[in-house]
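Trainee: Structure in structure tokens, see below.
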Amino acid sequence: MKAGTSCIFCRIVAGDIPAEVVARDPDVIAFLDLEPLADGHVLVVPRAHAAAIEQLDADAADHLFRLVRRLADPVRRAVGAVGSTIGINNGEASGQTVPHVHVHIVPRWPNDGAGSVHTIFPRRTSRTLAEVGAAIRQAVDA
Ligand code: 5GP
Ligand code: ZN
């Protein structure tokens with residue numbers, strides 16, 4: 001997807017709409033979330049449009065996670081946090097609202113009232129680990 005299209009993050013990448021940019025490199029840009037869940041809530045975004053992880057090419061994925069890794073400590077220190085939750089809503093079913101891959105870095109403090117990744121899920125399963133493991137191994141090899 002090119003600049004000038006309806007993708008809000010492509011428009012930020014192109015500089016068509018403003019954002020509070022905190023880091024940039026040739027392949028990735030990081031800016032503050034407009035509706036932060038906490039001070040220092042950063043979105044790390046590949047410049048090339050890809051709706052979800054499955055569409056991201058391998059080099060773009062490398063660059064994306066390199067910047068996530070590089071930012072984790074400075075973002076935490078900048079707001080005096082003691083940890084962070086780092087996550088991706090991948091696809092509409094997961095709650096992704098902007099269909100351009102982005103990694104959330106959300107600073108965390110003890111007793112900040114937020115849960116862990118585990119608290120997103122009601123823990124509903126119907127298949128054994130062995131059954132699911134076999135199915136995934138087969139899909140990986142396919
Ligand atoms: P998602 O739900 O897709 O994982 O997260 C999308 C995030 O993008 C949300 O946290 C939302 O606040 C943020 N967001 C949506 N539109 C804009 C925008 O125009 N500028 C910035 N900086 N963040 C945005
Ligand atoms: Zn886009």
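Trainee: Restricting to region 97-110, count the residues that are open to solvent by less than 30 Å² (accessible area, probe 1.4 Å), touching a Ser or Thr at 6+ places or on another chain (Cβ under 6 Å) and not aliphatic (A, V, I, L, M).
Mentor: Selection size over region 97-110: 1.
Trainee: Checking the condition touching a residue at least 40 places away in the same chain (Cβ under 8 Å) and small (Gly, Ala, Ser), which residue from 61, 48, 81, 142 passes?
Mentor: Values: 61 fails: touching a residue at least 40 places away in the same chain (Cβ under 8 Å); 48 fails: touching a residue at least 40 places away in the same chain (Cβ under 8 Å); 142 fails: touching a residue at least 40 places away in the same chain (Cβ under 8 Å).
Criteria check complete, one pass: 81.
Trainee: With at pLDDT 95 or above, touching a Phe, Trp or Tyr at 6+ places or on another chain (Cβ under 9 Å) and either within 11 Å of ligand 1 (Cβ to nearest atom) or of a type in the set (Phe, Trp, Tyr) (or both) as the only criterion, which of 29, 17, 8 stands out?
Mentor: Working: 17 fails: touching a Phe, Trp or Tyr at 6+ places or on another chain (Cβ under 9 Å); 8 fails: touching a Phe, Trp or Tyr at 6+ places or on another chain (Cβ under 9 Å).
29 is the lone residue from the list that is at pLDDT 95 or above, touching a Phe, Trp or Tyr at 6+ places or on another chain (Cβ under 9 Å) and either within 11 Å of ligand 1 (Cβ to nearest atom) or of a type in the set (Phe, Trp, Tyr) (or both).
Trainee: Among 68, 45, 106, which is the only one that is within 15 Å of ligand 1 (Cβ to nearest atom), assigned to a helix (DSSP H, G or I) and in contact with a strand residue (DSSP E or B) (Cβ under 9 Å, 6 or more places away or on another chain)?
Mentor: 68
Trainee: Test residue 94 against the criterion of being crowded, with 18+ Cβ neighbours inside 10 Å, closer than 21 Å to residue 120 by Cα and modelled with pLDDT of 95 or more, and give yes or no.
Mentor: Answer is no for this residue.
Trainee: Need the failing condition index for residue 42 against (1) within 16 Å of ligand 2 (Cβ to nearest atom); (2) among the β-branched types (Val, Ile, Thr); (3) over 22 Å from residue 118 (Cβ atoms), just the number.
Mentor: (1)
Trainee: Could you tell me which residue of region 16-26 is surrounded by the fewest Cβ atoms within 10 Å (Cβ to Cβ), considering only residues that are touching a residue at least 12 places away in the same chain (Cβ under 8 Å) and within 14 Å of ligand 2 (Cβ to nearest atom)? Outline the logic, then answer.
Mentor: Of all residues in region 16-26, those touching a residue at least 12 places away in the same chain (Cβ under 8 Å) come to 16, 19-20, 22-23, 25-26.
Cutting the leftovers down to within 14 Å of ligand 2 (Cβ to nearest atom) gives us 16, 19.
Numbers: 16: 12, 19: 19.
Filtering first and then ranking leaves 16.
Trainee: Here's a check for you: in region 126-142, which residue that is at pLDDT 95 or above and in a loop (DSSP other than H, G, I, E, B) is farthest from residue 96 (Cα to Cα)?
Mentor: Checked region 126-142; the qualifying residue farthest from residue 96 (Cα to Cα) is 128.
The values are calculated or read from the model by the stated rules, or taken from the named source; none is laboratory data. The structure presented is a predicted model; accordingly, all values stated were derived computationally and were not measured. Neighbour counts run over all protein chains shown; Cβ positions are idealised from the backbone, glycine included. Ligands, DNA and RNA are excluded from the accessible area calculation, which covers all protein heavy atoms including side chains. Shrake-Rupley method; radii C 1.70, N 1.55, O 1.52, S 1.80 Å.
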